[in-house]
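Here's the structure we're looking at; comments come further down.
The values are calculated or read from the model by the stated rules, or taken from the named source; none is laboratory data. Just so we're clear, the structure is a prediction, and the values are computed from it rather than from any experiment. Positions of Cβ are generated from backbone atoms using ideal geometry, with glycine treated the same way; all protein chains shown enter the neighbour counts. Heavy atoms of the whole protein, side chains included, go into the accessibility calculation; ligands, DNA and RNA do not. Shrake-Rupley method; radii C 1.70, N 1.55, O 1.52, S 1.80 Å.
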Amino acid sequence: MKIETAALHAGYTPKSGEPRQIPIIQSTTFPYATSEEMGKLFDLEASGYFYTRLQNPTNDYVAAKIAAMEGGAAGMLTSSGQAANFYAVFNIATCGDHVISSSSIYGGTFNLFAVTMKKMGIDFTFVSPDCTEEELNAAFKPNTKAVFGETIANPALTVLNIPLFAKCAHAHGVPLIIDNTFPTPVNCRPIEWGADIVTHSTTKYIDGHAATVGGAIVDAGKFDWMAHKDKFPGLTTPDESYHGVVYAEKFGKEGAFITKCTAQLMRDFGSIQSPHNAYILNLGLESLAVRMPRYVENAQKVAEFLEANEMVTWVNYPGLPSNKYYELAKELMPNGTCGVISFGVKGGRKAAETFMKNLKLGSIETHVADAVTCVLHPASSTHRQMNDEELEAAGVGSDLIRLSVGLENVDDIIADLAQALDAAK
Ligand SMILES: *Cc1c(COP(=O)(O)O)cnc(C)c1O
C-alpha cells in the first residue's frame, strides 16, 4: 500500500457487516471461559487481550497502522510522546548504561534524558546534530546502548543526517532511535534511511486537530539483538518477571522489542493511551497524507514571504535554499519537511511583542503542528524567566517567533503576518 492508502486501510480490515470505522473497545478487561485459557495469555503462549493497561484492540489497530506507514514490523501506542521516548530508550538502556543523543531535540525530551533518566543511572552524551563521523564515533563508550535524534528537531529545525547516525550506531552494535514527529511518515520514513526504532508525539501532526495527547513507538524489526547478546541482556536473557521468557528468542527480530516494551514497561509504568483517544487519533491519521503536503505548500510560501519582508531579520525553514539543511532535507524529505518555521523580528523583544499583540488570525499557543496556525514568542511566554543573555545562549533569542503554519488559505495567513509585522515597525 502507498502511504495515502495505508493511512486509510492499514491496521484494521473490517469483515462483512463489521463497522467501517475502528470500534472503540472501551473496556478495561476481557473475560475468558476458563482460567487455563487466560493462563496461556499470561505466559505469552497465546496472544489475546486481558487487561487494557497491557493491550487494547482499538490501540492495536492504530499502532499497526502507524507501523505500516513507517514501514516497521511492530508498533505500540503510549499516552504521550514523552512516554514513547522514555519507553523506547529505557527498553534497552538501564542503570549503568550510556546513550548518545543529538543535542538538538525537544526540550521535554532533553529534560527527560539529562535530568530524570540521569537520576535513574543512565548517562547521556549530547552531540551536535552537525557532528562529523569522527566526532560521533568518539562519543561511543563500551556501555553505549543506543543513539537518539529527531529527524527535524523541535524547535531548532535542524535536520539530522540519519544515514550517518545509523552507520555509526550500527558500527558500534547499537540501534538508532529516531523521533519522527515533525515530518511524520508522510514526509520521511527514517527506517528507509537506517533507523531501527521510530517514535512519535502523535499529539502533533498525526492527530493534527489539537484533540488528543499521545505517542507511538515503531520497531523496524531489523536490529539483531542476538548478534549483540551481551549488550542487551534485557532482550537476550530470561525475563524473570515474565516466567523466564527470552524476548529475542521467542519473538525474533520482528517482535522482541515491542513485546518486551509492552509486557514489561507498559505493565510496570502503565502509560497506556485510552482507547477513546486512539479512536480520535485515527480520525486525524486518516487524512494525514492529504494534510502534510498542504502544510508544506503553505509553509514554503510563508517562509518566502518572511524572507522578503523588511521587518524580518532571519528565517529558519529547511525548505528555503538559504537554509543550512536545504540539501540534506531535500535528500531525506523530497516532498518537503513540515509546517514549522522560526524567524526573527527586527527590533528584538519589543517589536516581537508588538507583532504578537497585533495578530488577528494566528493563535497564541505553546502547541505546534495543529490544523490552525499557531504562533509563540518564547521570550515573553515559555522562556520568560530567562534574560536576553540566557535566551541567546539557549539559542532562543528575544526576537524569535515560532510559527506553526496551519491549513488556512495561505493568503489569509500571510495577510495576518504582514499587518502584524507592519504594526511592529
Ligand atoms: C511534543 C514533542 C514531544 C513530546 O510529546 P508529548 O505528546 O507532548 O508528550 C516529543 N518529541 C517531539 C519532537 C515533540 O515535538
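All conditions in (1) surrounded by fewer than 18 Cβ atoms within 10 Å (Cβ to Cβ); (2) over 26 Å from Gly108 (Cβ atoms); (3) under 19 Å from the mean Cα position of the chain (by Cα) hold for His367, with the sole exception of (2).
Have a look at Phe251, Phe257, Phe232, Phe223 and point out the one that is more than 25 Å from Thr151 (Cβ to Cβ) and more than 16 Å from the ligand (Cβ to nearest atom).
Values: Phe257 fails: more than 25 Å from Thr151 (Cβ to Cβ); Phe232 fails: more than 25 Å from Thr151 (Cβ to Cβ); Phe223 fails: more than 25 Å from Thr151 (Cβ to Cβ).
Only one candidate passes the filter, namely Phe251.
Taking the criterion of being touching a Ser or Thr at 6+ places or on another chain (Cβ under 8 Å) and more than 16 Å from the ligand (Cβ to nearest atom), no residue of region 193-220 qualifies.
For Phe126, state whether it is open to solvent by 40 Å² or more (accessible area, probe 1.4 Å), away from the ligand (no atom under 13 Å from the Cβ) and either within 19 Å of Pro183 (Cα to Cα) or within 22 Å of the chain's Cα centre (by Cα) (or both).
Values: open to solvent by 40 Å² or more (accessible area, probe 1.4 Å): yes; away from the ligand (no atom under 13 Å from the Cβ): yes; either within 19 Å of Pro183 (Cα to Cα) or within 22 Å of the chain's Cα centre (by Cα) (or both): yes.
Here the answer is yes, as Phe126 does meet what is asked.
So which of Ala67, Ala93, Ala33 ends up being open to solvent by less than 30 Å² (accessible area, probe 1.4 Å), outside any helix (DSSP H, G or I), out of contact with any Phe, Trp or Tyr (no Cβ under 9 Å at 6 or more places or on another chain) and more than 16 Å from the ligand (Cβ to nearest atom)? Write out each step before concluding.
On the way: Ala67 fails: outside any helix (DSSP H, G or I); Ala33 fails: open to solvent by less than 30 Å² (accessible area, probe 1.4 Å).
The unique qualifying residue is Ala93.
Scanning region 14-30 for residues that are under 14 Å from Asp60 (Cα atoms), open to solvent by 70 Å² or more (accessible area, probe 1.4 Å) and of a type in the set (Val, Ile, Thr) yields no hits at all. For region 342-364, the set of residues classified as in a loop (DSSP other than H, G, I, E, B) and either within 23 Å of the chain's Cα centre (by Cα) or modelled with pLDDT of 95 or more (or both) consists of Lys346, Gly347, Leu359, Lys360, Leu361, listed by residue number.
For every residue, the table says whether it meets (1) of a type in the set (A, V, I, L, M, F, W, C); (2) farther than 29 Å from Lys253 by Cβ; (3) within 16 Å of the ligand (Cβ to nearest atom); (4) in contact with a Phe, Trp or Tyr (Cβ under 6 Å, 6 or more places away or on another chain).
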site	(1), (2), (3), (4)
Phe50	yes, no, no, yes
Gln55	no, no, no, yes
Asp60	no, no, no, no
Val89	yes, no, yes, no
Tyr106	no, no, yes, no
